[in-house]
Amino acid sequence: MSEPSKGRRRALRPAAPNAERIIEEYAALAFSDLRRFLDWGPDGVELKSSVALTDAEARCVAEVSETAAGSRRLKLHDKKGALDSLARCLGLFVERHELSGRDGAAIRLAGAPDLSRLDEAELRTLEELLAKTVRANGNALPSEPGAGADGKDEPPSR
C-alpha cells in the first residue's frame, strides 16, 4: 500500500481553526432549524436520516439515542449559547468589566493627576471644561448620557 501524497494528506487533515471557520460553526448552530432534523405532525415524530443532513447540520447534533423500548431522542447543541457567542465575535455585545485595586481601592494610573487634592471650585472648573470639550465633540458625558455640567439634561450641541 502506497503512502498518500502530500496534497492528499493535507486534504485529509481537518481544517485548521481560524476566525472565519469559528464564526461559520457558531452560525450553523445559531441558525439551525429543527425541521431539518425531524418531521412531526398528527402521526408522531420521525427523525430524518443522518445521510439527509449536510455536514454543517450534522455538526449541530449533540446526541442521538434510542431506548430499549424504541423511543428516540435527538439533542442539538445550545442554540442560544451559539447566538450569544456569535454576537460577541461580531462585536454586537459590549462587555464591560469593573476593575479595582487591592481591597476595592481605586487603581492609580502612572502619570495620572491626583484629583483628590483639588478643592470644590477647582473640581467644578475642571468639570465645566470637560463638559464643554465633550459637547464640542457632539458626545454626552460618559458618566451621565445627555447631562450637562450642571447635571441637567441638555442635548449635545453640534
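The values are calculated or read from the model by the stated rules, or taken from the named source; none is laboratory data. Note that the coordinates shown come from a computational prediction; the quantities given were computed from them, not determined experimentally. So basically every Cβ, Gly included, is an ideal-geometry build from the backbone, and we count neighbours across all protein chains shown.
In the range 54-80, the residue that is farthest from residue 28 (Cα to Cα) out of those that are in contact (Cβ under 8 Å) with a residue 12 or more places away in the chain and among the basic types (Lys, Arg) is 72. The C-beta contact set for the range 18-29 (first residue surrounded by fewer than 16 Cβ atoms within 10 Å (Cβ to Cβ), second residue assigned to a loop (DSSP other than H, G, I, E, B), distance under 8 angstrom, 6+ apart or interchain) comprises 21/15; 23/90. Hey, could you check the range 21-57 for residues that are under 16 Å from residue 71 (Cα atoms) and part of a strand (DSSP E or B) and say which is farthest from the chain's Cα centre (by Cα)? Selected residue: 44. Within the range 115-131, restricting attention to residues that are loosely packed, with under 13 Cβ neighbours inside 10 Å and among the charged types (D, E, K, R), the residue that is modelled with the lowest pLDDT is 117. Among residues that are of a type in the set (Ser, Thr, Tyr) and either touching a Leu at 6+ places or on another chain (Cβ under 7 Å) or at pLDDT 90 or above (or both), residue 32 is included. From the residues in the range 66-114 that are of a type in the set (Lys, Arg) and not in a helix (DSSP H, G or I), which one is surrounded by the fewest Cβ atoms within 10 Å (Cβ to Cβ)? Across the range 66-114, the extreme among qualifying residues is 96.
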